[in-house]
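Each reported figure results from applying straightforward, stated rules to the coordinates on display, with no laboratory input. From a predicted model like this one, the values you see are computed outputs, not experimental measurements. All Cβ positions, even for glycine, are placed from backbone atoms using ideal geometry, and neighbour counts span all protein chains on display.
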């Protein structure tokens, strides 16, 4: 393992190894390095902001004021659900295909209406357990030394297969086969929260009022107002404004310190032989490259990114385009 120090706040370590059959040294082309093209991770400062947001003692279990305001759309949601049920009944009877506009409207109703509502209801049904968890979290915060928290921040995996690859060497031997590259990425972090409302070095306990207010989000904050803005979800795709505001939510006055971010990149390339020239025999090879990074005393930042949009996000954008086109006729 080769380790280096890129500065007072960063450590990195690399490890390369080969499993199974080794790659013959006289093969010069076709294999490709497993250490090439790592998955791009989020900026470390933005990861620190996300960590502080997810571990903030003031983060509510259910943001009750936001949920209450969003209930104004419940009659419309019920109507859309009824329309969908009627369409299913009529479609079974007549075989009428659904319209693109109807499918798009149903998707948006689920993504922005029913999905958040059902999530809040599920949390409220299990609120007793979550309330006990919030109490334990705040009790740990008020103890001497503060509360150490950790969270997984992001994970991703992708696979690329190349068939009919020609492996050539310095000797008159050629192999045709395939290569499968699996790239994995994971980021996690740790931090420590300190209360601001008790004497330094002392111990205290949270009040029942503090527990209820923090668990149900019973305060007026910029974070709650942001969630109620019509297009805040779109800005959150391309920036970390939502995380930044949640990080500064201060129902329970506290400050975060000692943010440490870790990232690990793993590339594994598996080579398989399909045909081998002459009498040469080769069972394939697998090479792995691992890169580990650690950043300490990271400062949270507010920034803009160009993320990879997943299937759910693309379905929302597609549904918006279809509904806008339908209404513009």
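Remark: spin-label model distance residue 239-residue 190 equals 3.3 nm, labels positioned 7 Å along the Cα→Cβ axis. Averaged over residues, the count of other Cβ atoms within 10 Å places the peptides 152-158, 248-254 in the sequence 248-254, 152-158, highest first. Taking the average, over residues, of other Cβ atoms within 10 Å as the packing measure, peptides 185-193, 124-132, 53-61 rank 53-61, 185-193, 124-132 from highest down. Summarising the label geometry, the points placed 7 Å from Cα in the beta-carbon direction at residue 207 and residue 219 lie 1.3 nm from one another.
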